[in-house]
Amino acid sequence: GAGVSQSPSNKVTEKGKDVELRCDPISGHTALYWYRQRLGQGLEFLIYFQGNSAPDKSGLPSDRFSAERTGESVSTLTIQRTQQEDSAVYLCASSLGTSGRAYEQYFGPGTRLTVT
Amino acid sequence: AQTVTQSQPEMSVQEAETVTLSCTYDTSESDYYLFWYKQPPSRQMILVIRQEAYKQQNATENRFSVNFQKAAKSFSLKISDSQLGDAAMYFCAYRRYSGGYQKVTFGTGTKLQVIP
């Protein structure tokens, strides 16, 4: 079946502009995660959704970052007033659930954001 | 807080040879999961192998195997008969064992080059 998809694949924006990144999880996956990956670094957790609620937003770096999810479907990550330090690959993952083997996360290909 | 350390930023291996990637972690928990993920240039993270901490037997998946040393908090990945398609970034990750949601903590990655 279809995997996790993300759009756009690449996004170049000017400093100060707002951007929206989209994630379409695997159908039926109730849990959704956003991560940030800076060049040469590991994955930083941003936010976790269970359905359309976000029990864990602890990784959002500032109030310029927000995310929402429609039901158990698409999620958007919004970055307002982008800064150069926001340049990174933003990865989305989904999982069937969070218990037992259902926690296994399936990742999308990411969106590479470049802020000029 | 849990931390995951990968001390080898880059490794190289000749095709058909064996290579071992190192990972250490710090936790006060006794039950947890450990993972190795592969990230090829396509950016899509792929789960290579998982290990449950309560299992003494080392996990294996075809050419991939781990050496899990719980007392030493060490979790290395061995790739046998290396192939060109194994060239990628490899991330070690930790997840606390729980019946519900737990954050996954990633290391900074090891870039593996496979030499023909």
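The values are calculated or read from the model by the stated rules, or taken from the named source; none is laboratory data. Note that the structure is predicted; figures quoted are calculated from it, not measured. Reconstructed Cβ throughout: ideal geometry from the backbone, glycine too, with neighbour counts over all protein chains shown.
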Filter pass, B:Ser82 being over 28 Å from A:Ser5 (Cβ atoms), in contact (Cβ under 8 Å) with a residue 24 or more places away in the chain, part of a loop (DSSP other than H, G, I, E, B) and of a type in the set (Ser, Thr, Tyr): yes
Looking at (1) under 16 Å from A:Leu96 (Cβ atoms); (2) among the hydrophobic types (A, V, I, L, M, F, W, C); (3) in a strand (DSSP E or B), which is the only condition A:Trp34 fails? (1)
In the stretch A:13-32, how many are modelled with pLDDT of 95 or more and among the hydroxyl-bearing types (Ser, Thr, Tyr)? 1
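The rows are residues; the columns are (1) within 14 Å of chain B (Cβ to nearest Cβ); (2) surrounded by 18 or more Cβ atoms within 10 Å (Cβ to Cβ).
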{"residue": "A:Lys15", "(1), (2)": "no, no"}
{"residue": "A:Asp18", "(1), (2)": "no, no"}
{"residue": "A:Leu21", "(1), (2)": "yes, yes"}
{"residue": "A:Gly28", "(1), (2)": "no, no"}
{"residue": "A:Tyr33", "(1), (2)": "yes, yes"}
{"residue": "A:Leu39", "(1), (2)": "yes, no"}
{"residue": "A:Tyr48", "(1), (2)": "yes, yes"}
{"residue": "A:Asn52", "(1), (2)": "no, no"}
{"residue": "A:Asp56", "(1), (2)": "yes, no"}
From the list B:Lys103, B:Lys78, B:Lys111, which residue is within 10 Å of another protein chain (Cβ to nearest Cβ), over 27 Å from A:Tyr48 (Cα atoms) and surrounded by 15 or more Cβ atoms within 10 Å (Cβ to Cβ)? B:Lys111
Return yes or no: is B:Ser98 surrounded by fewer than 19 Cβ atoms within 10 Å (Cβ to Cβ), within 14 Å of chain A (Cβ to nearest Cβ) and more than 17 Å from B:Gln8 (Cα to Cα)? yes
The stretch B:31-48 - residue that is closer than 23 Å to A:Pro8 by Cα and more than 8 Å from chain A (Cβ to nearest Cβ) and, of those, modelled with the lowest pLDDT: B:Pro41
What are the pairs with Cβ atoms under 7 angstrom where one residue, in the stretch B:100-116, is farther than 20 Å from A:Gln105 by Cβ and the other, located anywhere, is among the small types (Gly, Ala, Ser) and at pLDDT 95 or above? Sequence gap at least six, or different chains. B:Leu112/B:Ala87; B:Leu112/B:Ala88; B:Gln113/B:Ser12; B:Gln113/B:Ala87; B:Val114/B:Ser82; B:Val114/B:Ala87; B:Ile115/B:Ser12
Could you please let me know if A:Gly71 is within 11 Å of chain B (Cβ to nearest Cβ) and on the phi > 0 side of the Ramachandran plot? no
If we scan the stretch B:95-103, do we find a residue that is touching a strand residue (DSSP E or B) at 6+ places or on another chain (Cβ under 7 Å), part of a strand (DSSP E or B) and not basic (Lys, Arg)? no
Would you be able to say whether some residue in the stretch B:19-30 is within 14 Å of chain A (Cβ to nearest Cβ), over 28 Å from A:Ala54 (Cα atoms) and touching an Asp or Glu at 6+ places or on another chain (Cβ under 6 Å)? no
Restricting attention to the stretch B:57-64, does a residue exist that is away from chain A (no Cβ under 14 Å), of a type in the set (Asp, Glu) and either closer than 16 Å to B:Thr20 by Cα or in a strand (DSSP E or B) (or both)? no
Is it the case, given these coordinates, that B:Tyr54 is aromatic (Phe, Trp, Tyr) and surrounded by fewer than 19 Cβ atoms within 10 Å (Cβ to Cβ)? yes
How many of the residues making up the stretch A:45-104 are touching a residue at least 40 places away in the same chain (Cβ under 8 Å), touching a helix residue (DSSP H, G or I) at 6+ places or on another chain (Cβ under 9 Å) and hydrophobic (A, V, I, L, M, F, W, C)? 2
